């Protein structure tokens, strides 16, 4: 399962299956799955390759550490 991060503040998004929206636990931003995907695409377009690499490494590290007891 992939952790989704807020497009505004970088906080963790939680999914509300009843309303089919993601809500940021930090700032309260609410987005649909489509809006989240479009926002990610825009961020990737403006990130440098070094920033993309660093983001992927951080995502992997968070995933790896979440699997530890």
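Bear in mind that the values in this text are calculations on the coordinates, not laboratory data. Being a predicted model, the structure only gives us computed values, none of them experimental. All Cβ positions, glycine included, derive from the backbone under ideal geometry; neighbour counts span all protein chains shown.
Restricting segment 12-50 to residues that are part of a loop (DSSP other than H, G, I, E, B) and out of contact with any strand residue (DSSP E or B) (no Cβ under 8 Å at 6 or more places or on another chain) leaves a set whose member that is surrounded by the most Cβ atoms within 10 Å (Cβ to Cβ) is 47. If I filter segment 12-23 for residues that are touching a residue at least 24 places away in the same chain (Cβ under 8 Å) and over 25 Å from residue 67 (Cβ atoms), do I get at least one hit? No, there is no match, as no residue in segment 12-23 is touching a residue at least 24 places away in the same chain (Cβ under 8 Å) and over 25 Å from residue 67 (Cβ atoms).
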